[in-house]
Amino acid sequence: MLGVARYEEDRLEWFRIFTLDPRPGVVLQRARLFLIEGRQPTDDEIDSILPQSVVARCGYDGDVFELAMTESDYTGFTTWLESSPPGIAPFTS
């Protein structure tokens with residue numbers, strides 16, 4: 001699903017690109033979100049994501065999902081997870 005993410009202090013908000021709804025389609029609480037691994041896309045995925053993307057495999061409340069993003073966005077995402085304020089658990093890999 002193509003979209004745009006916005007980082008807030010305690011959550012990540014995901015907005016779908018092709019929708020008229022101005023609200024985020026998904027909201028992930030920072031304290032419950034963690035990074036499992038970052039990897040290069042497989043041959044099967046390469047045609048469905050942007051060139052030179054990184055796939056971030058994440059966990060959230062017992063669910064596992066993947067996000068594809070540029071390398072610089074991946075760096076920003078991992079930095080946001082690592083730099084959580086006091087009281088919010090940082091990511092684990």
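Results, tabulated for the structure shown:
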quantity: Residue that is modelled with the lowest pLDDT [pool: residues in region 1-44 that are under 19 Å from S72 (Cα atoms) and of a type in the set (D, E)]; calculated: E8
quantity: Filtered residue count, region 1-34, keeping only those that are assigned to a loop (DSSP other than H, G, I, E, B), among the β-branched types (V, I, T) and surrounded by 10 or more Cβ atoms within 10 Å (Cβ to Cβ); calculated: 1
quantity: Boolean, S84 is more than 16 Å from M1 (Cβ to Cβ), in a loop (DSSP other than H, G, I, E, B) and either modelled with pLDDT under 90 or of a type in the set (A, V, I, L, M) (or both); calculated: yes
quantity: Meets criteria (more than 10 Å from the chain's Cα centre (by Cα) and assigned to a strand (DSSP E or B)) for E37; calculated: yes
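The values are calculated or read from the model by the stated rules, or taken from the named source; none is laboratory data. Bear in mind the structure is a predicted one, so any value in this text is a computation, not a measurement. Neighbour counts run over all protein chains shown; Cβ positions are idealised from the backbone, glycine included.
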